[in-house]
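Peer 1: Sharing a structure, written as structure tokens. Questions coming.
The values are calculated or read from the model by the stated rules, or taken from the named source; none is laboratory data. Keep in mind it's a predicted model, so treat the numbers as computed, not measured. So basically every Cβ, Gly included, is an ideal-geometry build from the backbone, and we count neighbours across all protein chains shown. Just so you know, the surface numbers come from the protein's heavy atoms only, side chains and all, with ligands and any DNA or RNA stripped out. Shrake-Rupley method; radii C 1.70, N 1.55, O 1.52, S 1.80 Å.
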Amino acid sequence: QVQLVESGGALVQPGESLRLSCAASGNILSIYAMNWYRQAPGKERELVAAITSGGGITNYANSEKGRFVISRDNSKNTVYLQMSSLKPEDTAVYYCHARNSIAEYWGQGTQVTVSS
């Protein structure tokens, strides 16, 4: 079993930066990939960024590549999403997601609002 808890969501102005954190607990060593998704009101949930267990392979949605950076610290059981040059279209609930060989796990989400 794996538990995920997100934090760091906030109200920010366009152009500012924000870092989200996801703390994992439980069967941590079994996780081989972690991801950030987001869902805006009335929209489908979409993948934002992904990272492998070793942190050496990352993937981003085209619109976020260059502005968002995903990283992880396995010793602290935490994955991060560093967001810069934020735009109003980035407003959404951001969810942490993890996979192991037998199941998928989701956090409860953290709200990010970008507005003047």
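Peer 1: Could you size up the charge dipole of the chain around its Cα centre, putting +1 on the beta carbon of Lys and Arg and -1 on that of Asp and Glu, and report it in debye to the nearest 20? Kindly include the intermediate steps, with their values, before the conclusion.
Peer 2: Details: 10 positive and 9 negative charges, 28 e Å.
Dipole of the chain, to the nearest 20 debye: 140 debye.
Peer 1: Related question: Along the charge dipole of region 2-91, pointing to its positive end and built from +1/-1 on Cβ of Lys, Arg, Asp and Glu, which listed residue (Gly8, Gly54, Ala33) has its Cα farthest out?
Peer 2: So the residue furthest toward the plus end is Gly54.
Peer 1: Going Cα to Cα from Lys87, which lysines come in below 29 Å? Please leave out same-chain ones fewer than 8 positions away.
Peer 2: Of all the lysines, those that pass the test against Lys87 - Cα under 29 Å, at least 8 places apart if same chain - are Lys43, Lys65.
Peer 1: Something else now. List the chymotrypsin sites (Phe, Trp or Tyr not before Pro) in region 1-65 that DSSP assigns to loop (not H, G, I, E or B) and whose Cβ has at most 12 other Cβ atoms within 10 Å. Which are they?
Peer 2: Loop-located and lightly packed - Tyr32.
Peer 1: Continuing with this model, one more query. For region 1-84, with every protein chain kept in place, what is the accessible area per residue (1.4 Å probe, Å²)?
Peer 2: For region 1-84, the solvent-accessible area averages 55 Å² per residue.
Peer 1: Okay, next question. Considering only the other residues whose Cβ falls under 15 Å of the Cβ of Gln39, what net charge follows from Lys and Arg at +1 and Asp and Glu at -1?
Peer 2: -3
Peer 1: Another question, if that's okay. Using a 1.4 Å probe and ignoring any ligands, DNA or RNA, find the accessible area of Thr91 and quote it in Å² to the nearest 10.
Peer 2: Thr91 has an accessible surface of roughly 40 Å² with all protein chains in place.
Peer 1: For the chain, give the percent of accessible area contributed by carbon and sulfur heavy atoms, probe 1.4 Å, rounded to a whole number.
Peer 2: In the chain, the share of accessible area belonging to carbon and sulfur is 48 percent.
Peer 1: Kindly provide the pair-distance distribution of region 14-99 built from C-alpha pairs, with 10 Å bins from 0 and whole-percent values in order of increasing distance.
Peer 2: 17, 52, 26, 5
Peer 1: In whole Hz, what ³J(HN,Hα) sequence does region 6-23 give by Karplus (6.51, -1.76, 1.60; θ = phi - 60°), x for Gly and Pro?
Peer 2: So the J values, rounded to whole Hz, are 8, 7, x, x, 6, 8, 9, 8, x, x, 7, 10, 7, 10, 9, 10, 9, 9.
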